[in-house]
Structures are given as C-alpha cells and as structure tokens.
Protein chains: 4
Amino acid sequence: MPAASASPPDIAQRTRIFVREHVFPVEREIVVAGRHMDDVLRVELQTAARAAGVFGPLSPVAYGGLGLDTRAQASVLEAAGTSLIGPIAVGASAPDDGNIHLLAHLATAPQAERYLAPLARGEVRSSIAMAEPSPGAGSDPAMLATVAEKVAGGWKINGAKHFTTGADGAAFTICIAATPGGTTMFLVDQDNPGLKVGRRMPTLDHSAPGGHCEVTFSDCFVPDDAVLGEVGRGLEYAQVRLAPSRLTFCMNWLGLATRAHAMSAERIVNRTAFGIPVADHGMAQAHVADNEIDIVAARALVYSTATVIDEQGSVSGAARHAASITKTFVSEAVWRVLDRAVQLYGGLGVCEDELVARFLVEARAFRIYEGPSEVLRWSIARRVLRAYR
Amino acid sequence: MPAASASPPDIAQRTRIFVREHVFPVEREIVVAGRHMDDVLRVELQTAARAAGVFGPLSPVAYGGLGLDTRAQASVLEAAGTSLIGPIAVGASAPDDGNIHLLAHLATAPQAERYLAPLARGEVRSSIAMAEPSPGAGSDPAMLATVAEKVAGGWKINGAKHFTTGADGAAFTICIAATPGGTTMFLVDQDNPGLKVGRRMPTLDHSAPGGHCEVTFSDCFVPDDAVLGEVGRGLEYAQVRLAPSRLTFCMNWLGLATRAHAMSAERIVNRTAFGIPVADHGMAQAHVADNEIDIVAARALVYSTATVIDEQGSVSGAARHAASITKTFVSEAVWRVLDRAVQLYGGLGVCEDELVARFLVEARAFRIYEGPSEVLRWSIARRVLRAYR
Amino acid sequence: MPAASASPPDIAQRTRIFVREHVFPVEREIVVAGRHMDDVLRVELQTAARAAGVFGPLSPVAYGGLGLDTRAQASVLEAAGTSLIGPIAVGASAPDDGNIHLLAHLATAPQAERYLAPLARGEVRSSIAMAEPSPGAGSDPAMLATVAEKVAGGWKINGAKHFTTGADGAAFTICIAATPGGTTMFLVDQDNPGLKVGRRMPTLDHSAPGGHCEVTFSDCFVPDDAVLGEVGRGLEYAQVRLAPSRLTFCMNWLGLATRAHAMSAERIVNRTAFGIPVADHGMAQAHVADNEIDIVAARALVYSTATVIDEQGSVSGAARHAASITKTFVSEAVWRVLDRAVQLYGGLGVCEDELVARFLVEARAFRIYEGPSEVLRWSIARRVLRAYR
Amino acid sequence: MPAASASPPDIAQRTRIFVREHVFPVEREIVVAGRHMDDVLRVELQTAARAAGVFGPLSPVAYGGLGLDTRAQASVLEAAGTSLIGPIAVGASAPDDGNIHLLAHLATAPQAERYLAPLARGEVRSSIAMAEPSPGAGSDPAMLATVAEKVAGGWKINGAKHFTTGADGAAFTICIAATPGGTTMFLVDQDNPGLKVGRRMPTLDHSAPGGHCEVTFSDCFVPDDAVLGEVGRGLEYAQVRLAPSRLTFCMNWLGLATRAHAMSAERIVNRTAFGIPVADHGMAQAHVADNEIDIVAARALVYSTATVIDEQGSVSGAARHAASITKTFVSEAVWRVLDRAVQLYGGLGVCEDELVARFLVEARAFRIYEGPSEVLRWSIARRVLRAYR
C-alpha cells in the first residue's frame, strides 16, 4: 500500500497495531528469553514493517520512506516506541534517524546515492562517531581530540571514539574530527582498513543492534569526496542533526512510557492486597495519575516543539531551545513513569520476567546521551538570561 | 476598534502591552503601597482595556466581547495574567469568566438580557455560591447541604456558603442548591433580602475584588424563572463550567509565572555575589532552567487541552480529563516557578517591596480551589484505570 | 523552681505544656484576631515562662537561664517552637539566642554586665546588623559596605543595614562593619544618636517583635570599649554565632512543623469526603506519612548535629558543615510539612482562620535567612570536594 | 584477635579497611569481569574477614560473633556496605542477618545448636520463604497460601514461594505457612525431599549468593521440633525480625551510597568540561551537596532508630514505627544518591566499566523488598492518625 495514501493518524494507528502484533512477541523473546537482537532479526522485522506500510516514517518519500513532517512523526514514533525494538523495526531508531536527516540535508548526489539511499531503505545501518574517551570530547565539543589531516587526494583521520552506537555491523560511520580552523564530518566506510570497531561497551541498555562501540581511527585515509558538507563546519552540522534527533528520542521513549503505564495499570487492577484491588489504594492511584500527567505533558511538549521545528526549521534558535527543554523534561518524565511502573508491579517489577524491569534499566542512559540534563539546563538558562544581560 | 479586525496573536501582543503599561503601575500601588482593589478601580482599568481593544476575550462578540476560541484565549489570557489584576482589567477573571461561559450555554433570552449582557460588558460583577462550610460540600458535591424547596411561583433557598468569590459587590450570584431528585442552579440578585453576604474571609490572597465571602441564604425566595437551565441538572451544568474555568485559571497563572520568571532572571543578572553575577552561579541557572521548562511545558499542555475543548467540546470526557491533568500540572508548576523566583531574589524575595513575595502567597490557593491536586489525581487515576477493569 | 533541678526531658515536657496552655491562646489572638505582638505582650509571656520554670533555655545559669547544652536544647526548643511565638515567650528567639551565645563567648566583664545580663534575663531585646541593601553584603560577607573608621577614643560607623531583626525596640545592636584589615563587631546602644532605626520592612512574616528593620549608621560614634572581641575578627566571630543560631532555628521551626502535622492529622480524621473520612483516602495518608518522615528525619539530624557541636565545639569545621547540612534539610523539610498541612486542610488551609495558612507564610523566609539553600549547598559541596582535589 | 577487645569505632574503621583492601578487588572482578559470586568465593572472603577481626558483627559473641548492639552496628555495617559484597564478606547480609536475630530470639537449645551456631559462624547460609506468587502473600501477609497441616509427629507443608533469597545453596530455610488459627514458622533442611529449589529469578540485582529463588513445598514433612517458637505465632515472629532486618539493609545500602558519593566526587574533580573541572560547575556541586545531605540525614535517622531498638526493644511499637520511617527514607535517599552519582559520571555512568552503573541497578529492589515504600507509608500514616481517631 503506497504510504502517500495514508494520513498521519492512520499511519500512527497502523504502527501501533503493527508493533503490538509483530514486535511485542519478538521483544519478549529478546528480553525474557534472551534472544539476540541482530541484523537478521532486524531485517525480518523491517520487512514486516514495510509490508504493513509503516516503514521509514522519517525517510524521504524519494527513498521509499513516509516523509512525515515532525508533527506527524510525533504520534507515529510514539506508537513505534511502545516496544524497545519498535523504532528499529520501522527504521526510525538512533543513530540512523539523525543520519538520514543529516544526509538529506547535506549529501551531494553521489553521496546520497551511495549512503542515504540504502540507509533510508533500511538495507544498511550506520553510526556516528562523536563522543571520545577522556580527555576528549564528551558534552563539550571543544575538547575534540580526533584529528583529520589534509593529505594528497583526501584526509587522514586519527583518534579514538567511544559510545559509537551501532558501529558493530554498520555499513558506514560519520566521523567528526578536528580540521584546521574547525571541525569536519567525514563519511567513512566501515570496511576502511583505518577504521577499527573495538568492543561493545557493557552499557546498561542492550536493545541497540550494533551496540555502543569503541572505535579507533588509525591513519584512516578517506578521499576528498568523503567530506560531508563543507570542511570546517562540522559542529554547525551537528546542530542540524541535534534538535530532530533529540525529538525522535523523546517520541520513542514516550511510547515506552505509555506502554509501561498501561501495563502497570492493568496489573494493579488485577492484583489484590489488603482485601481490595491494588488499583483501589490511593497511593497506587497517585502513581497512576502522576504517570498520566507526565505522559500527557510530555506529549504536549513534543508536539509543541515539533511545530516549532516544522515552522521555523530545525537549526533555528527557537527550535534548538525548544528541543533542549523538551529533551530535558521528557527524559526525566519517562524515567519517573518507568520507575513508578516498577513500583506498581511490586516485587516482580525488579524481575526481568516483567518487561518493566528491563525498560527502566534501558531508559537510564536517555537522561545522559544527546545532552545530559545538567548541560541542557545550563544551555537553557544561558539562553533565557542572555535577554537580560 | 472592532475586535474582529485583530488576530489572536495581535490581541495577545496588545494585551501584553496594555497590561505592562496600564496595569503594572496600579498593581504596584496595590501590592506595595496598599491601594485597595475596589470596583471604582476595576471600572477604571476595564475602561482602559476597552479603549485598548483588549476587553472581553472570553465574552461573546454579540455582547461586545472578543469571542475568542479556547486556543486563542491561551496566549491572550497568559498575557493578561502577567499582572495579578490583569485578568480583572480585561474582564476575564474568576468567577465571571466561568459564569459568562455558563450563561452563554444555558441562559434563556430574558436571563441573557438581564444577567449575561451586563456581565459580559463588564458593567457588573457576579459570584457563584458552591462551596459550603463543613459538613457541607467542599470537594465532594454529594455533600451539598443548601436546599431549595418548591413553593408557589418559585423556590425558597436555605443554606450557608463560603469562599463565594466576589460576592461582596456582585450584582448577582449563581446559587447551587439541592432540589428533589438532584441539584439546581438559581440566579439570585444580590439585593434579594434572603441573600446575606457575610464577612470576607481572611484568605491569603487579596487581589479578587469582592473577596471570598461567607454567604447565607435564609428563606431566600426566587421566582421560577430564576432557575438556570433545568431543575435537577445543576451538577451536570457545573461540569459545563468546570473545564473552561480550570483552563482560564491555568492561562492566567501561567502569565504570572512568566512575569516572576522574567523578574527574577533580570534581578540575578544585575546582582553580584561572591565576585560574579548571581546569574553566573550554576545553582541559580538551574532554577532559571527549571522555571523555563515548567513554563514551556505548562504552556504546551494548556494549548493541547484548549485544542481538545475546541474540537470535542468542554463537556466531553476527553476535555474534562485533559483539564484535570492540566489544572494539576499547571497549578503545581506555577507554584514551583514562583517559589524559585522568591529564592532567586534572596532576602528581598520574602519582602513585599518585591512583587514576587506577594505572587507566591496569592498563588497558594490555586492548588486547592477548582479541585485540589489530590482530588484531581484521584479522578485522573480512576479514569485511566477504568479502561482496565 | 530552680532550673537545675529539672532534667532536659522534664524541661521539654514542661515547655510543651507551658506553650500549649499559655502561648497558644495568645498566638490565636495575634494571628486570627489581629492582636499586636509588642514588648508588653512579650514581657507578659516571659514572666509566665519564668514562673513555669521554662525561661532561658539557652541562657547561662549564671544569668538565670537553664544553661542547657545543645542536645538538651533540641527537645526543649522544639517544644517552644510549637507556637510561632513560643520561642519569644521562653527567651530563645532570634536574634537574641545567637547574641547571647556570642556575648557569652566574647564579652568582657563590663560588657557582660551591661549587655549580656539583661538580655539573658529577658529584660531587654537586641538586634544584630549584618545584611545590607545592594550592593552591600547579602550572602557574601566580602561585600560589606558599612565602614567603621578609627577616631580619637573610639570609632565612627557609617553605612546602611536592612533585615535587622528586632531593631525596633531593641536595647542595643551588634553592628558588623569593615575596619582596616578586617571586620569588627561593635556594641551600639539603640539610643546612640548616630543609629537610626528606619521602617519595618514589609516581610511575609509578622511574628518577630521589633520586625525586620532598615537601620542607618551616620557618623555613629562608639567608644573603644564598644568593640566586641578583637578588632578585625568580626567575620570569624560571626562563625561562632552561626552554627548554633542555625540549629536554634531548626529546632524552633521543627516544633512548628510538628504542630501543623498534628493539626492537619486531627482535621482529616474529623472531616468526611466522598463518603469516608479524609484520613482514609490514600493520598491524604501519603501526605501524613511524608510529614512524619520529614519530621523524624529532621529531628534525628538536629540531634546528630547538636552532638557534634557539644563534642567538637561550635566553631569546628565538623560543626559548621553539619549545621549547613541540617539547616538546608530542615528548612526544606519544614516547608514541605507546612505545605502538605495546608493541602490537607483544603480550602480552609489558605484562610487565616486556620493557623496553618499563617505558618506557611511565616516559614518561607527560613529557606533564605541564615544562608539560602543554594549558598549552603555550594558550601557543602566545596567542603566535600576539597577532599578529592 | 578477640572481638571483645575492639571498640565499635575500631571495628568500623577496621571493617572499612578490610573491605577496601580485600573486598573491592573481588567486587571489581565480579561486576566488571563477570566473576561469579559463589559459595567458594564467599568462604574465601569470610575467612579473610575472620582473620581481620571483622566477621560476624550481628552474631552473638557466644557463637564467635562480635555481638554488637544496634547502635554499634550502624557504623560497622555502613563500612561493610561500601562494597556490594561487603555485607556477605563480614557475614551480615540478608537473609542470614535477620535469621540469626530470629533464631537467637526463638530457637530452642537443640535448634540453636543445629541451625544458629553454624549460621552465626558463617559455615552455612540460610533462606527465609515468605513471599508467594500471586494470588499468595506479597506485601499482605493475610494472603498467605502456603499451608502446613498437622500430621502424626509433625507437619506437612504445601505451597509455592518465590523471591526466596539465598535458597540455592542454603543449608536450611525458615518457611512461613498458614496453620490452624494462625501462622507458623518451620525450620526446613534444604535437603528435605519435599522442598524443591526452582530457578533463580532473573532479578535486576546479581550480588546475592544463592540468588532469589522459586521454592516449592510439596507434601514436605517436618517433625514437630522443626517449629520455630510456638505454633500460630509466625506473623508475630516475623515482626521480631522485621525492624532489625530493615535497619541492617539501611546500614548496608547507606555504605554503598557513601561509596558512590566518594567515587563521583573524585571523578568530577578529575574531569574537565567547558574549560573547568566538572567539580566547579554549580549543577554538579548541587548534586554533590544533595548527596551529602541525603547521606548525613540517612545516617542520623539510622542511628536514631538504632537507639530506639536498643532502648525499647525491636518489637516495640516505637521501634517498628521508626524502622518503617527509616527504611522508607533511606531506601529512597540511597536511590537518589546513586542516581546522581550516575549522572555525575556522564556517559560512563551507564556503562558497567564503572561500578556506579551496577550499583544503581542493584539498588532498585531496595525500595520494594522488606516493605514497598507505599505500604510503609500507609502503615506510618495509620499509626500517626490512630492517635486522633
């Protein structure tokens, strides 16, 4: 069924059904029975998503995607996010989502053909190599230690990266490196002999195919046409990617929060303690209400920021400010919701027989990656205060 | 200037300017210099508002109002709310806002002529007599102790009310009383000899003209045509009023929060401690960022609920649920913002030389009236849980 | 009855009874009926306290006080604090408590005779002039703008102070002023022609006799023997006063929190909503439990810090660190308790017919004076981090 | 070295050193390198603890333990808790701690000889079978579904238990079962053919030797002398165990919080972002201060409750109330501290290369087991409110 024929609400509804019917069973096998999330499974899920007309919500229509604007993405990605692996299944998970956005913005025609097209179609995965081990760049991009040196016909990259999501098994990596007078983005094929994917780091979350890897660039030569956009503008381009990427995460995690909310509500209705259903105890009801409030507020904020992005562009100051606010609020609200859901489950809430236990652990990193809450609050405050200086 | 010629953003901007230029100076006289907020002052402010084309944002166009839909109200009432007395100045303060809404919904033509028209035009004030001293009705309407008895040609009302906002000086009161088989609303002229306005209660807030009064109905006779809507449907009608009224409060108080946020940001930029501006201390920045997040989230939630009201009607279950969520979140967010603003002011924050001290005290009741947070959370939870029972 | 004959638990119990029987009725007249807290009333209450054997818990035995150590003070001052004016009644309210401590530490024999003795006996009140209007010293003592210049036979003080608690009606003021090479404390008689007590500032709290005043020193001459301690060591002496003074506040306010906790618990037991006592609603129970937890934790922390002060001295680093932690925690815990108590009262909670409304407003300043939470957190963190630098 | 020769502060200090030198390296192997925590390792650690004179802080001196009273335990168990496996190493981990306390209280001489002696000496481990899968007993002991039926010469137990900590590899289990007219505790040898230890449940925490197991009793015959205490008084005995057991957990987890606090403080001192050490950023300092406040308050509360237990006995109402308050506060404070420590670590905080990531996950269950916060708050509130009914 051609995507163009479906309205965003239809796609959201269809996505919700697809995830429930096709993805939930697989997720349970992964979390509870230990099945491995690998690329075989990913392709299987994505094929099913394509068949259901829900693949590629963020990908341009020209590449077979659904080409939704940010507002339309909100409900679709929330629906996808109701499973930990729903975003992967529909081709809207990090870092591919942001990379698609970035490539659509910056790639030359040959680059688009070679990198964007197969990525948007879900034929390959990608990664982005930004964060570096200490004393390199973490939250502060000015500390970038990976360097690209101009050589004949191209560039030679040297440096170490970590937390490179999806690097294991990706087709290519966007590497950010210091170049004279600035910072530059490079498209590096994963089979480049100068790029070495090291171990998957033992992070608390396990659901990303390709893990979060250590990656080393050792005299890694790339030709001139591997430069993405212009030399020296890498940090600026990172901003292009940032607001949409933050918002995608918010949408996805909000979906997971709604799932945990529903699961915990259902559980307390069907469980008795002290002679009445747990759902009739006021303190349990307080948790349910707080979950509902957090979710509805988060959703309103996501939609409001999506509107800013659609109307003013993702690199506008307004969009970036709104995305910082939204990422901070939503990452913390999702955490609270998952934490209360665990509490409502009682003992089983900390047992991986129940998905909520795993959800909580997987979600912890969301308050750190793409900007820790503290760095975002700092940035939000400075923007507010600037008006009064 | 005909209101119809102005778009909602224009009206919001115009309201913001009007409040800043005409209302702020008066507010300062009231809070700092002890000027009394009485009806003379109210009329003076409302005349100025009318001249500025910003009077009556909630009133029907037919009665000289601006006739804004709920979404358009959001930014206009937030602008009005930047002063404690801004909502009164533009004719959008409780309980008149809700009474206008209720009368527009229910009044017969003669009732509209007699009560709605002068109220919408700001010629008179009104009150609504709902809450009762213990053991009467507080949060639980089933405990209503005021009774209306059918007598020849009308009804005889007996009972005691309290927290009757604006009763002192109002032209009429909508009284809710138990009638056989239900609850009924009555329009009672304030000069009815059976209605006695007692003392203004010594509440923490001082900015409502007419105060919060004790009111007694003693063999108070009203004719049959004083019934508003139908006999026995009073509680249902209270629901008509409820969601919009809650949202109006949210918009107004959100405005005050933005004011305190701006004032405190400005103050810390211009104040030095430990060798640097207070605005450069990280913990002050954290307060600023949290204020910004609370405000932006509250605004998004208000707008989202306004959309539900406009699209599904204010008595729909969705609107009532959304309004409960929004009232809970916004009343608590506003409180947090004002509290942080006080803290950012330091010692002067608790001195009424600075408005933030008064703002905080005035706002405390907002977490209680129109539904205490606890009762709203209970109601939100039950609605969520109902789906799983 | 000689104080020495009573054990601390006895004194605490006796204080609790004294406050309930003699002070509560007066407090109600002040808060609800508008009676003025003046020195006539203060003397009346203190006379009754002396008769009940509970006057002067902080005053040295040599001056007729009870001479309690800090641990023993904890329960006695908590008992005194169950009324807003209980600390005044027993002679243990700010700033006299800290001034007694300071004078006992520093005064020469003639100074003790002239200033400490009548103060400890409750014959006079005192004040301490520290805080200054911007750009003078607030939280940051380095910004001190009041200056004392050496002149023949004494010093000439010039500068403006504000928030000088109790200045109106005090017998003397301890003034902190910059002197060459440091800071010095001076004892200034209130009738010194160079000292002018200005207006009482319109602060949110109203229960301090003498208010919080603006005070000006204009060519205020004091003789050499007006120097308290040594020239140049004023800031150091301020530290002597600080930890005990912070702890006294904690004890007093904790008492008020226990009172509000008890009052709100009693109220919800006797009030019905939705067919059952409010006390049977889970969300009300959550507030009660949180109040109990906050109070018990605050009390444990106060006692633990009192132990540090008694064992290591009030100027030890350990005592100052512990007092900073305790003041931050207790001031915030008390605020939460009072806020929940208001919420449990429902509508009447924001009406000064009920004392909890006034308690909340009075308490707001406690999170700011004697070190705002932010400044204390900064200081706590630096001390922790110092160990790792 | 005879324990009796060491004062509690000495033992605490010695324990701190022992854990740092002998346990930290093993912990790192377990968490980071995946070494298995089994009984071989346990015995190795406990042998070292005995050699260091720090084994058995809770065990009676008669059985080779240190026989500390509750107050003395506070600092010792906090020191032990600085490692996840410290409590095991010194023989003070759940459920053995509570079982030792229970047996010391209830066991007959032969029972003591057979069960308490080897347990107190660390020769064996034990478990307690209380919680049951739905619809059996979770937080509500009245729902107990495991039944012991009187048969000739003994009892026949039938029922299913879960979350039976340490069951895999224990020497015996204390089983709580319904008996006519009450509830009874039985000592069941692990090799009893009627007791079957099922799978270790996949809980978030991994550090308990013996895991949290499913256990089934199928016509499990025990002789009459397997009854612990008296028939029918099982729930009452559970109370004997409860307050001390809750407090032990608090002490242990508080130790872990201090460790994470120290680790994160050290890390931010040595890490730079935006041109200055992370430790100089105000928002990081706020986390450090909040951690310090939470820890110091938790410690004061633990000590205060230990005093109540020592002075009034562990089954007194005061002790049980204090333990409920303390468990609620400390479990939540520890969680906040660990969560902030993760945040201070940045990206590495969610990577198990750093222990804080594992600490956070391990700690989640503490807010649920031994009484979820909600059930404890309910119980605290009812006790407070009872005084006013």
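Out of all the residues in segment C:7-55, which are assigned to a loop (DSSP other than H, G, I, E, B) and at pLDDT 95 or above? C:A52, C:G53, C:V54, C:F55, listed by residue number. Only one of the numbered conditions (1) free of Cβ contacts under 8 Å to residues at least 24 places away in the same chain; (2) within 14 Å of chain A (Cβ to nearest Cβ); (3) not charged (D, E, K, R) is violated by D:M130, and that is (1). Of B:L385, B:L348, all but one fail to be of a type in the set (A, V, I, L, M), part of a helix (DSSP H, G or I) and at pLDDT 95 or above; the exception is B:L385.
Reported count of residues in segment A:257-270, each being in contact with a Phe, Trp or Tyr (Cβ under 6 Å, 6 or more places away or on another chain) and either within 14 Å of chain C (Cβ to nearest Cβ) or among the aliphatic types (A, V, I, L, M) (or both), is 3. Just one residue in the set B:V302, B:V315, B:V288 is hydrophobic (A, V, I, L, M, F, W, C) and either on the phi > 0 side of the Ramachandran plot or within 14 Å of chain D (Cβ to nearest Cβ) (or both); that residue is B:V288.
What number of residues in segment C:130-185 are under 17 Å from C:R233 (Cβ atoms) and within 21 Å of the chain's Cα centre (by Cα)? The qualifying residues number 7.
Entry remark, segment A:341-355: residues being more than 7 Å from every other protein chain (Cβ to nearest Cβ), closer than 22 Å to D:R200 by Cα and among the small types (G, A, S) number 0 in total.
In this structure, B:A226 qualifies as away from every other protein chain (no Cβ under 14 Å), farther than 24 Å from B:V308 by Cα and of a type outside the set (D, E, K, R). For D:L338, the stated conditions do not hold, so it cannot be described as in contact (Cβ under 8 Å) with a residue 60 or more places away in the chain and within 14 Å of chain B (Cβ to nearest Cβ). Here A:D38 meets each of (1) touching a helix residue (DSSP H, G or I) at 6+ places or on another chain (Cβ under 9 Å); (2) touching a residue at least 40 places away in the same chain (Cβ under 8 Å) with one exception, condition (1).
Listed here are the residues, each with its yes/no results for (1) closer than 30 Å to A:F366 by Cβ; (2) among the acidic types (D, E); (3) not assigned by TED's automatic domain parsing to the domain that holds D:R377.
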position: D:P277; (1), (2), (3): yes, no, no
position: D:D290; (1), (2), (3): yes, yes, no
position: D:D294; (1), (2), (3): yes, yes, no
position: D:G313; (1), (2), (3): no, no, no
position: D:A318; (1), (2), (3): no, no, no
position: D:A323; (1), (2), (3): no, no, no
position: D:F329; (1), (2), (3): yes, no, no
position: D:W335; (1), (2), (3): yes, no, no
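Of C:R71, C:R20, all but one fail to be surrounded by fewer than 20 Cβ atoms within 10 Å (Cβ to Cβ), within 20 Å of C:T305 (Cβ to Cβ) and outside the structural domain of C:C175 (by TED's automatic domain parsing); the exception is C:R71. Scanning segment C:121-136 for residues that are farther than 13 Å from B:L348 by Cα and either of a type in the set (S, T, Y) or buried (at least 18 other Cβ atoms within 10 Å of the Cβ) (or both) yields C:G122, C:R125, C:S126, C:S127, C:I128, C:A129, C:M130. The set of residues in segment C:62-77 being modelled with pLDDT of 95 or more, more than 14 Å from C:D97 (Cβ to Cβ) and in a helix (DSSP H, G or I) consists of C:R71, C:A72, C:S75.
Among the residues making up segment C:271-285, those that are more than 7 Å from every other protein chain (Cβ to nearest Cβ) and in a helix (DSSP H, G or I) are C:V278, C:D280. Within segment D:171-207, the set of residues being within 30 Å of D:R358 (Cβ to Cβ) and touching a Gly at 6+ places or on another chain (Cβ under 6 Å) comprises D:R200 only.
Can you find a residue in segment A:105-114 that is touching a helix residue (DSSP H, G or I) at 6+ places or on another chain (Cβ under 8 Å), under 19 Å from A:E27 (Cβ atoms) and not hydroxyl-bearing (S, T, Y)? The answer is no, given that none of the residues of segment A:105-114 is touching a helix residue (DSSP H, G or I) at 6+ places or on another chain (Cβ under 8 Å), under 19 Å from A:E27 (Cβ atoms) and not hydroxyl-bearing (S, T, Y).
Just one of the numbered conditions (1) buried (at least 20 other Cβ atoms within 10 Å of the Cβ); (2) closer than 29 Å to D:D140 by Cα is not true of D:A300: (2).
Within segment B:191-246, the set of residues being within 27 Å of C:L204 (Cβ to Cβ), surrounded by fewer than 21 Cβ atoms within 10 Å (Cβ to Cβ) and hydroxyl-bearing (S, T, Y) comprises just one member, B:S207.
Residues of segment A:44-55 include at least one that is closer than 30 Å to A:V356 by Cβ and among the β-branched types (V, I, T). Restricted to segment C:318-333, and to residues that are in contact with a Cys (Cβ under 8 Å, 6 or more places away or on another chain) and more than 9 Å from chain D (Cβ to nearest Cβ), which residue is surrounded by the fewest Cβ atoms within 10 Å (Cβ to Cβ)? Here the answer is C:S331.
Among residues belonging to segment D:356-383 that are among the hydroxyl-bearing types (S, T, Y) and within 14 Å of chain C (Cβ to nearest Cβ), point out the one that is surrounded by the fewest Cβ atoms within 10 Å (Cβ to Cβ). Break it down stepwise before answering.
Filtering segment D:356-383 for residues among the hydroxyl-bearing types (S, T, Y) gives D:369, D:373, D:379.
If we keep only those that are within 14 Å of chain C (Cβ to nearest Cβ) as well, we get D:373, D:379.
Values: D:S373: 22, D:S379: 19.
Applying the filter and picking the extreme gives D:S379.
The values are calculated or read from the model by the stated rules, or taken from the named source; none is laboratory data. Since the model is a prediction, treat every value here as computed from it, not as a measurement. All Cβ positions, glycine included, derive from the backbone under ideal geometry; neighbour counts span all protein chains shown.
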